[in-house]
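Inspection log for the structure reproduced underneath, given as structure tokens.
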Amino acid sequence: MRNLKLIILASAFIILALSCKKFSPYDPNPKPVLPPISAEGRNTFGLMFGSEVWTPNFYSASAILSANYPGILSNPRLHIVCLRKSTRTIGKIDDFTLEYFSSNISVGTYPLNTNNSKIVAIVKFPDNKEKEYQLEDTGTITFSRWDMGNKIASGTFSMTLKDATSGEKVSITEGRFDLKFGD
């Protein structure tokens with residue numbers, strides 16, 4: 001009787017062990033997700049480019065996400081650059097740049113237009129061509145934190161971009177940034 005219980009228990013253990021899937025916490029191609037909205041200087045950035053998540057997502061010797069605010073210049077501006085691996089072309093890099101020109105940034109919502117900002121998204125394609133999208137009409141940027149002492153800029157943004165060649169429009173939604181900036 002005791003041997004029968006031992007055989008049944010061993011058989012159940014072997015069947016259970018063979019039916020388990022191997023769990024690997026490493027995913028070489030994780031699906032990108034937008035970072036949470038925060039205001040702590042976490043150096044996070046993300047946006048929806050149409051229906052596609054856009055975040056900095058590769059390792060490089062150069063900065064893939066940077067922000068600066070050279071406030072001592074005659075044209076102070078918040079300058080944010082985000083680079084990512086192209087989802088369309090292996091080995092290529094897409095680029096999103098947002099520049100907001102103002103010497104009086106504070107917490108609040110501001111319009112984005114061609115007088116106070118320059119926004120460019122460069123997207124690479126398999127045929128070695130690229131599209132350069134620029135701000136079309138207006139958008140908005142909301143600063144939830146503007147801290148010159150700790151050099152933290154946090155907030156959200158949205159806009160419509162247009163490719164100058166094809167006229168294709170892309171909505172930029174759910175944009176968010178929480179960055180420590182340099183001079």
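Assorted remarks:
- For region 32-180, taking Cα atoms only, Rg and Dmax work out to 14.9, 46 Å respectively.
- Anisotropy class of region 102-183 from Cα gyration tensor, a/c 1.5 cut: prolate
- Modelled FRET efficiency - R0 30 Å, residue 53 with residue 116, Cβ distances, 0.05 increments: 0.65
Since every read-out is calculated from the coordinates, none of them should be taken as a lab result. Keep in mind the model is a prediction, meaning the values are calculated, not measured. Cβ atoms come from the backbone with ideal geometry, glycine included; neighbour counts cover every protein chain shown.
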